[in-house]
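J.: This is the structure I have questions about; it appears just below.
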Amino acid sequence: MKQLTHLDRLEAESIHIMRETVAEADKPVMLYSIGKDSAVMLHLAKKAFYPAPLPFPLLHVDTTWKFRDMYALRDKVAAEPGIQLIVYKNPEAESRGINPFDHGSLHTDMWKTEGLKQALDKYAFDAAFGGARRDEEKSRAKERIFSFRDRNHRWDPKRQRPELWSLYNVRKNRGESIRVFPLSNWTELDVWQYILREKIEIVPLYFAAERPTVEREGLVLMVDDERMRLNDGEAVVSRKVRFRTLGCYPLSGAIDSEAVTVEDIVAEMLASTTSERQGRAIDRDAGAASMEKKKQEGYF
Amino acid sequence: MNAPADIRAWLVEQEHKELLRFITCGSVDDGKSTLIGRLLYETKQIFDDQLAALEADSKRHGTQGQKIDYALLVDGLSAEREQGITIDVAYRFFASEKRKFIVADTPGHEQYTRNMVTGASTADVAVLLVDARKGVLTQTRRHSYLAKLVGIRHLVVAVTKMDLVDYDQSAFDAVVADYRSFAEQIGIGDWIAIPVSGLNGDNVVRASEAMPWYSGPALLDHLDVVPLEASADAEKPFRMPVQWVNRPNQNFRGFAGRIASGAVSPGAEVRILPFGRVSRVDRVASADGDLDGAVAGQSITITLADEVDCSRGDVIVDAHDPPQSADQFEATIVWMAEDELLPGRGYWMKLGTQTVTATVQAPKYEVNVNTLEHLAAQTLGLNGIGVAEIATDRDIVFESYDDNKALGGFILIDKLTNATVACGMIHFALRRSLNIHRQHLDVSRETHAQLKGQRPAVLWFTGLSGAGKSTIANLVEKKLVARGRHTFLLDGDNVRHGLNRDLGFTEADRIENIRRVGEVARLMTDAGLIVLTAFISPFRAEREMVRKMLPEGEFIEVFVDTALEEAERRDEKGLYAKARAGELQNFTGIDSPYEAPEAPEIRIDTTQLTAEQAADAIVEELDKRR
């Protein structure tokens, strides 16, 4: 008899979660951020509903500041048969020209947090899949797989529903919406192993290559297009780097690396001494509790 | 962490890791968070930046002086950090060479029974923490009982803080002796005790040099070899609750679900319950090509050889070894909500992929989780555990929880708030629901109705006190009788003084009042009558319960819509004045809610229509439904 490995079990659990959502929610959507976790989630969704096309659209909440490689992969995915992609940009952020150079944390707040809320409201999506994992961050470790948000998209950690066995209560009150995290129980290593096993295409930025970079406040940033502003004394240097996580390019720190295959990445990861979110400027705002605070405000 | 020399070989090895889930029980004082922090640290799950943050935190909030406080690693939310307690279930991940582990970390405080039950529901193993200085406490017994209740078969008693008793064997032996007698008493067979120090790491991942007298395995070594629950599930007969029907086009009709137990392969004879049709599995379809077979735990899509009826909520099972269907059960219930159980009220019950309406009887007894005594109980409050009978509004496919967790475990959902209010574990179906077929009557309800030349119905008038329900219902009955209809009016006067004389006005009693009225009304429709009822019936859930008792289309909800201010202004019986003065308790609209119908068959706005006009409108509507 077939012995299921831990990846088999994680896969089965994620598929189960997606099917429950589709069976019980009115209008689900999958948040697609183009990163490796999104790639895994999309792959799982295709498996879950095979041979049917995805029974929900993908939603990319765009900030207009992603890496060019990310937009390229996004457009390639959108062109696949059976995939419907919605791209949403917060019109206010767009008209005010909100950007990571002039507006600090307002950039993330308006483009991502507000943009997401607006998009969910506009299309009346009542359940949104997200690729967050519990191993990423302490407050995520306590969040349910089915996480309810009130009409203002706020999360209340004290009012979470108990989740027993694999019985998910998907019933929501008027105005409430649900964030669903099918990858809750995956770790970063699981994600990479699965990408390797299933040969999932990911953004090339995860692999090391010579890239134009500048060093700023301890982060190695990539100069991805002409909008990158250089401070006095900064020079663009070509470095062999890759990214552990991807977001807006002026906010994503790269690491020096020689890893050009998934195996190399895993080897580097095992030897690494810093966690994945460390390269993200977003968590540094308010110390240890910053992610929890952002989520109470409606961040995914 | 050091990268293995040959990463490819290492990754292949990793692919064959198993997954074990366990729960840790105990309070912060028992060194639980410290133990988990130590496991994460020793298995290299903690990175330098996290360690640096931890050192800073340790100095600010820590309880270990200048030492690193590992507990701070696992106390997640900032609210908790301030209070110094863990308030919810948190999940952690680490891996050994053999297995990947998911840890459900739950608090030990009594008020959080529900969190422990939640964490334990998916666990293969429970690790109970016992402080070597304090020995087996009430809390230890409670956790053991709860672990056994949710069907965890393997227990580990981790005797912590051995460093604080100088690694003394007699302290450990005393705990073991104590626990042994308790384990025998409640029937825990498979358990092991391990002396550990989370602070110093003794016997956590490697044998302790400080305790040469202990020859058993370290905690992690033991967790590496405990049998997995999933392996046992694979040996049982095939069951797959259908989650979703996959029908992209005319040529494909697949049934998607996760195998709860057993195995399946093309050609297997299956039965679709509760309907009972038999077919054969045609394909086990997957994006990677059809599979030769699949086992418990896998999420699959199968097609059947025949065009049989099958939808979400049905269960596809081994044709030769099917489970039972029934609509009445005995179950253990763990209550998880602030609002207590209301016996007789309809709750949503979700079991597998089946969702039905269920009512719970008053418990046979409640269990005192500290003494394990059985206590008499009328209801269950937050964290209450009791045994009760449950009735569902239709047959469901089930197995006893001991045999199959996926078909024996359920949750109850409040129909109004949609909160998960309880979980339960089915013991068995009640005999009367399994074996006794309802008395077959030669004179059917159709016969009764035909004899009277009418279609039976219940006109259910609902609205605030003083809205005009009785007045309008009386007029309607007169008009119907004038047209030769056979009717009967049930109202507070003829029911409260007789059948429901024993009921008061608490929420629970009001629910029972409506349930009885509903049952009487149903019997009267069986007799062919048109029944009119005039009760405030403030709760949507109870009105829906009555609707479900009756055949489709026979329940006609008449919402007598009068605003509270208007009803209070009329106050013909002077009741509102009394309620305002505090002389009447639980008065609807004043200190008890009225939940207006969302989609009544008939809505009467009494500010627009006179009672006469309203009655005419209702009779006219009833005529349309003949």
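What follows is calculated from the coordinates using simple rules that are stated; it is not laboratory data. Bear in mind that the values here come from a model prediction, so they are computed numbers and not experimental data. Positions of Cβ are backbone-derived with ideal geometry, glycine not excepted, and every protein chain shown enters the neighbour counts.
J.: Taking 0.36 nm per intervening residue step and subtracting the Cα-Cα distance, what contour gain separates B:Ala232 from B:Ser181 on full extension?
T.: Details: separation 51, 0.36 × 51 = 18.36 nm, distance 2.80 nm.
Once the chain is fully extended between B:Ala232 and B:Ser181, it gains 15.6 nm.
J.: Moving on. Taking Cα atoms, how many degrees apart are the long axis of helix B:540-549 and the longest axis of chain B, rounded to 10 and kept between 0 and 90?
T.: The angle comes out near 70 degrees.
J.: Taking the highest mean first, how do the peptides A:51-60, A:87-96 order by number of other beta carbon atoms within 10 angstrom per residue? Walk me through the intermediate numbers first.
T.: Numbers: A:51-60: 19.5, A:87-96: 15.3.
The densest-packed peptide leads the list: A:51-60, A:87-96.
J.: Gap in Å between the Cα centre of the stretch A:88-162 and the Cα centre of the stretch B:136-156?
T.: Value for the Cα centre distance between the two parts: 39 Å.
J.: How big is the Kirkwood radius of the protein assembly as shown, worked out from every pair of different alpha carbons and given in Å to one decimal? Write out the running numbers ahead of the final one.
T.: Working: mean 1/r = 0.0325 Å⁻¹.
Computed over the protein assembly as shown, the radius equals 30.8 Å.
J.: Please figure out what share of the DSSP beta bridges in chain A is antiparallel and state it in percent, rounded to the nearest 5.
T.: Details: 19 of 31 bridges.
The answer is about 60 percent antiparallel.
J.: Go through A:65-76, B:325-336 and give me the packing order, highest mean Cβ count within 10 Å leading.
T.: B:325-336, A:65-76
J.: Test of understanding: ordering B:Ser33, B:Ser208, B:Ser265, B:Ser592 by Cβ neighbours within 10 Å, fewest first, what list do you get? List each step's numbers first, then the result.
T.: Numbers: B:Ser33 25, B:Ser208 21, B:Ser265 14, B:Ser592 17.
Placing the least packed residue first, the sequence is B:Ser265, B:Ser592, B:Ser208, B:Ser33.
J.: Starting from the Cα of B:Tyr365, step 7 Å along the direction of its Cβ; do the same at A:Glu263; then give the gap between the two resulting points in nm.
T.: For the pair B:Tyr365/A:Glu263, the computed spacing is 6.3 nm.
J.: Now, a different point. Write down the percent of antiparallel bridges among all DSSP beta bridges whose residues are both part of the protein assembly as shown, to the nearest 5. Numbers along the way, then the final one.
T.: Working: 92 of 148 bridges.
Close to 60 percent.
J.: Shape call for the stretch B:234-318 from the C-alpha gyration tensor, a ≥ b ≥ c root eigenvalues: rounded (a/c under 1.5), prolate (a/b greater than b/c) or oblate?
T.: Details: a/c = 1.44, a/b = 1.09, b/c = 1.33.
Verdict is rounded for the stretch B:234-318.
J.: Residues with amide H under 5 Å of B:Ile530's amide H, sequence separation 5 or more or different chain, H placed in the peptide plane at 1.01 Å from N; which?
T.: Counting only residues 5 or more places away or on other chains, the set is B:Ala457, B:His486, B:Thr487, B:Phe488.
J.: Which of the trypsin sites (Lys or Arg not before Pro) found in the stretch B:445-509 are loop residues per DSSP with 15 or fewer other Cβ atoms within 10 Å of their Cβ? Spell out each step's value before the answer.
T.: Numbers: sites: B:Arg445, B:Lys452, B:Lys469, B:Lys478, B:Lys479, B:Arg483, B:Arg485, B:Arg496, B:Arg501; in loops: B:Arg483, B:Arg485, B:Arg501.
Passing both the DSSP loop test and the Cβ count: B:Arg483, B:Arg501.
J.: Distance from the Cα centre of the stretch B:273-313 to that of the stretch B:189-231, in angstrom?
T.: Here the two parts' Cα centres lie 42 Å apart.
J.: Next up: Below 17 Å, Cα to Cα, which lysines can B:Lys161 reach? Residues fewer than 8 away in the same chain don't count.
T.: B:Lys32, B:Lys67, B:Lys134
J.: Relative contact order, percent, of the stretch B:234-318 when contacts are C-alpha pairs under 8 Å separated by at least 6 residues?
T.: Averaging sequence separation for qualifying contacts and normalising by length gives 38 percent for the stretch B:234-318.
J.: Looking at chain B only, what percent of DSSP beta bridges run antiparallel? Nearest 5 please. Walk me through the numbers on the way to the answer.
T.: Numbers: 73 of 117 bridges.
Percentage antiparallel, nearest 5: 60.
J.: I'd like the distance between the alpha-carbon centres of the stretch B:368-421 and the stretch B:526-564, rounded to an integer number of Å.
T.: 28 Å
J.: Let me ask you something else. Give the average, rounded to an integer, of partner chain Cβ atoms located within 10 angstrom of each Cβ in B:410-422. Please list the in-between numbers first.
T.: On the way: counts 3, 8, 1, 5, 2, 1, 1, 2, 9, 7, 9, 3, 2.
Going residue by residue through B:410-422 and averaging, the value is 4.
J.: Please list, in chain and number order, the residues 5+ apart from A:Phe129 or on another chain whose amide H is under 5 Å from its amide H, with Hs placed from the backbone.
T.: A:Val29, A:Met30, A:Leu31, A:Val180
J.: If I model a spin label as a point 7 Å beyond the Cα along the Cα-Cβ vector, how far apart are those points for A:Asp256 and B:Asp306 in nm?
T.: 7.0 nm
J.: In addition: How well do other chains shield peptide A:52-64, expressed as the mean number of their Cβ atoms within 10 Å of each residue Cβ? Mind dumping the intermediate values first?
T.: Working: counts 10, 1, 0, 3, 0, 0, 0, 0, 0, 0, 0, 0, 0.
Mean number of neighbouring Cβ atoms from other chains: 1.
J.: Using helices alone, what [θ] at 222 nm do you get for chain B, with -39,500 (n - 2.57) per DSSP H run of 4 or more residues, divided over all residues and rounded to the nearest 500?
T.: Values: 20 runs with 187 residues, N = 626.
Dividing the helical sum by the residues of chain B leaves -8500 deg cm²/dmol.
J.: Helix-only mean residue ellipticity at 222 nm, chain A, DSSP H runs n ≥ 4 weighted -39,500 (n - 2.57), per residue, nearest 500. What is it?
T.: Working: 8 runs with 87 residues, N = 300.
Helix contribution divided over all residues of chain A: -8500 deg cm²/dmol.
J.: Within a 10 angstrom radius of the beta carbon, how do A:Phe125, A:Phe207, B:Phe410 rank from fewest other beta carbons to most? Walk me through the numbers before you get to the answer.
T.: Values: A:Phe125 22, A:Phe207 16, B:Phe410 31.
Result, fewest neighbours first: A:Phe207, A:Phe125, B:Phe410.
J.: Once you average over the residues of B:234-244, how many Cβ atoms of partner chains fall within 10 Å of each Cβ? Don't skip to the answer; put the middle values down first.
T.: Values: counts 4, 1, 0, 0, 0, 0, 0, 0, 1, 9, 11.
The mean count of partner-chain Cβ atoms within 10 Å per residue comes to 2.
J.: Now for a different question. Given chain B, what whole percent of its Cα pairs are spread farther than 31 Å? Intermediate values should be presented prior to the final figure.
T.: Values: 123687 of 195625 pairs.
Summing the P(r) of chain B above 31 Å gives 63 percent of all pairs.
J.: Karplus couplings for the stretch B:208-213 from phi (6.51 cos²θ - 1.76 cosθ + 1.60, θ = phi - 60°), rounded to Hz, Gly and Pro as x?
T.: Those phi angles translate into 8, 7, 6, 10, x, 6 Hz.
J.: Given H placed on each backbone N at 1.01 Å, which residues far from B:His154 in sequence or on other chains put an amide H within less than 5 Å of it?
T.: Amide H neighbours of B:His154: B:Ala126.
J.: Another question, if that's okay. How much FRET efficiency would the formula 1/(1 + (r/R0)^6) give for B:His374 and B:Lys548, where r is the Cβ-Cβ distance and R0 is 41 Å, rounded to 0.05? List each step's numbers first, then the result.
T.: On the way: r = 33 Å, r/R0 = 0.80.
Efficiency, from the Cβ-Cβ distance: 0.80.
J.: Using a Cα-Cα cut-off of under 20 Å, which lysines could be cross-linked to A:Lys199, ignoring same-chain neighbours fewer than 8 residues away?
T.: Within the straight-line limit of under 20 Å, A:Lys199 reaches these lysines: A:Lys36, A:Lys46, A:Lys47, A:Lys76, B:Lys17.
J.: Right, something else. Residue by residue through the stretch A:165-174, which ³J(HN,Hα) values in whole Hz follow from phi under the Karplus form 6.51 cos²θ - 1.76 cosθ + 1.60 (θ = phi - 60°), with glycine and proline marked x?
T.: 6, 10, 9, 9, 8, 9, 6, 10, 7, 4
J.: Hey, could you get me the Stokes-Einstein D for the stretch B:324-434, Kirkwood radius over alpha-carbon pairs, 4 °C and 1.567 mPa s, rounded to whole µm² s⁻¹? Working shown, then result.
T.: Working: Rh = 13.7 Å.
Rounded, D is 94 µm²/s.
J.: Using only alpha-carbon positions, what ratio does the radius of gyration of the stretch A:143-200 give when scaled by 2.2 N^0.38 Å?
T.: Details: Rg = 14.6 Å, N = 58, 2.2 N^0.38 = 10.3 Å.
Working it through for the stretch A:143-200, the quotient is 1.42.
J.: Using the number of other C-beta atoms within 10 angstrom as an exposure proxy, rank B:Thr140, A:Thr261 with the fewest first. Each step should come with its number before you reach the end.
T.: Numbers: B:Thr140 24, A:Thr261 13.
Result, fewest neighbours first: A:Thr261, B:Thr140.
J.: Go through the stretch B:266-281 residue by residue and turn each phi into a ³J(HN,Hα) via Karplus (6.51, -1.76, 1.60, θ = phi - 60°); whole Hz please, and just put x for glycine and proline.
T.: Each residue's phi maps through the Karplus curve to give x, x, 5, 7, 10, 10, 9, 9, x, 5, x, 5, 10, 8, 10, 6 Hz.
J.: Right, here's the next one. Anyone know which of A:Leu270, A:Leu116, A:Leu251 comes out most mobile in the 10 Å Cα GNM of chain A?
T.: Among A:Leu270, A:Leu116, A:Leu251, the largest GNM mean-square fluctuation belongs to A:Leu270.
J.: Which of the peptides B:356-364, A:163-171 is most tightly packed, and how do the rest follow, judged by the mean count of other Cβ atoms within 10 Å per residue? Write down the numbers at each step before the final one.
T.: Details: B:356-364: 19.6, A:163-171: 21.4.
Going by the mean number of other Cβ atoms within 10 Å, highest first, we get A:163-171, B:356-364.
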